[in-house]
Amino acid sequence: MKKHRKTLVNSLLILSSLGTSMTILADTDVNETSKPVVEQIVNTLSKLAGEPHPGYRKNHAKGIVTLGKFVPSPEAKTLSSAIHLQSEPTNVTVRFSNATGLPTISDTNPNAFPKGIAIRFDLGDEGYTDIVNISVNGFPAATPEDFLGLLNAIAASGPEVEQPSPIVQYLDSHPAAKRFVEIPKPAPISFATQSFYGVNAFKFINSNGDEHYGRYIMTPVSGEAFLNDEQRKTAAKNYLMDELPDRLEKAAFQYNLSVQIAAEGDEVNDATLAWPSSRQIVDLGTLTVNQIDPDGEAFAKANMYNPLALTDGIEPSNDPILMARPGAYAVSFGRRVSGQ
C-alpha cells in the first residue's frame, strides 16, 4: 500500500504542476468552465481570498503547526489492522487552521469557520497517513460540482448585486448548503477546546477481514469551551494562534480520536448527511499535542495533507467529495511551492 500511496501522491503532484503550467500559459480568453472542476474550485477560492497571497494555501491559509503523539486504544485494532491503530505510539504533526485563503484573516471572523485540523501520522518505513477534519459535523455539498456552485454564488454576490443575490438563490435551491450555513459555529476559546469531524466516510478493515464504514470524530479531553458573544467581539485578531503557544508552554493537551460507525442504510457517500448521534462510537485512542513545531511554517509550505494518503486497514469510500479533495489540494500545493 505504501508504494500505491506514493504513486497516487506523485501523480497528483504531476497533475498539479501540469495544471499550474497550463494556467500560466493559457490565453486570457480561455473559458474557465472548460477547466477541471478541482482547478475551478481552487481558482474561485483564490478569487474569494483577493489574491495574490503567494506561498499560501488557497484554503485554510492561516494556521499553526504542532507536534505530538498518538497512542491507540485496545479497541482500535478490533476495527482496523492499520499499523498506527495497533499498540505502539505514533509521532504526529498536527496543523490547526482557519478557513479561507486569507493568511491574515481574524480568528473570530465568521468566514474563518469551519476551523480545520490536519494530522500526519509518521509510520516510519511505511511512510505516513493523514486525517483532515473540520470543526463542523457535515459539509455543504455532496459533489465537487455543487461545491463549486456554492463558491461561485458567493463570489458573484455582494452589497451592490441585485436581490435576491446569487448566494441567496443558491441556498434557497440547495437545502444541504443552507443547513450547513445555518449550523451554529461558535468561536472556541482554544483549538484545544474545539471538536473536529471527518467530512467523509472511510472503510475500516480489521485483521479478520471485517469491514465497517465510519467517520472520524475528535473531541478535546478537557471538554469543549467557547467564547460568549461579548468575548468574541473583543477577542484579538490572532487570539487562537497566540493562545496555543502560551498553552503549550504550560502543559500538553489531548483529544480522543474515535470513529462513528455507519449503521445499515446510512449513506456513506454523501458528505452532507451527518449520521444520528445514536450510532456506535469506537474509541481509537488519545492524541496528545505537546509542543509547537519550531519548523512548522516551513513544514506547512512544503507539505500537502492528503485524506487519501491511506495505509493498509483503511480504504476510501466512493464519496465524490473525498475523491476530489486530493486533486484540489494538489493544484493548490503546486501553486504554493511555485510561489503563486
### Task
Inspect the stretch 99-111 for any residue being touching a Phe, Trp or Tyr at 6+ places or on another chain (Cβ under 9 Å) and assigned to a helix (DSSP H, G or I) and give the result as yes or no.
no
## Note on the structure
For the stretch 155-180, the count of residues that are modelled with pLDDT under 95 and not in a loop (DSSP other than H, G, I, E, B) equals 0
### Task
May I ask you to say which residue of A300, A309 is within 16 Å of the chain's Cα centre (by Cα) and either surrounded by fewer than 16 Cβ atoms within 10 Å (Cβ to Cβ) or in a helix (DSSP H, G or I) (or both)?
A300
### Query
Which condition does R336 not pass, out of (1) surrounded by fewer than 20 Cβ atoms within 10 Å (Cβ to Cβ); (2) charged (D, E, K, R); (3) in contact with a Gly (Cβ under 7 Å, 6 or more places away or on another chain), if it passes all the others?
(1)
### Message
So for the stretch 49-59 (the condition being among the charged types (D, E, K, R), under 24 Å from L284 (Cβ atoms) and at pLDDT below 95), does at least one residue qualify?
### Response
no
### Query
Hey, among the residues in the stretch 231-253 that are surrounded by 18 or more Cβ atoms within 10 Å (Cβ to Cβ) and among the hydrophobic types (A, V, I, L, M, F, W, C), which one's farthest from G116 (Cα to Cα)?
L248
### Task
Please state which one of V337, V331 is outside the structural domain of E126 (by TED's automatic domain parsing) and without any contact (Cβ under 8 Å) to a residue 60 or more places away in the chain.
V337
### Query
If a residue has to be among the polar types (S, T, N, Q) and either buried (at least 19 other Cβ atoms within 10 Å of the Cβ) or in contact with a Leu (Cβ under 7 Å, 6 or more places away or on another chain) (or both) to count, how many in the stretch 70-80 make the cut?
2
### Lone qualifier among Q260, Q340, Q254 - being more than 30 Å from N208 (Cα to Cα) and modelled with pLDDT of 95 or more
Q254
#### Entry: Residue list for the stretch 112-154, filter: under 16 Å from the mean Cα position of the chain (by Cα), part of a loop (DSSP other than H, G, I, E, B) and more than 18 Å from L322 (Cβ to Cβ)
F113, K115, S135
### Task
Could you list, in sequence order, all residues of the stretch 83-138 that are free of Cβ contacts under 8 Å to residues at least 24 places away in the same chain and among the small types (G, A, S)?
S87, G124
### Query
Any residue in the stretch 107-114 that is closer than 30 Å to N208 by Cβ, at pLDDT 95 or above and surrounded by 22 or more Cβ atoms within 10 Å (Cβ to Cβ)?
no
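The values are calculated or read from the model by the stated rules, or taken from the named source; none is laboratory data. What you see is a predicted model; the values in this text were computed from it and never measured. In this analysis, Cβ positions are derived from the backbone assuming ideal geometry, glycine residues included, and neighbour counts consider all displayed protein chains.
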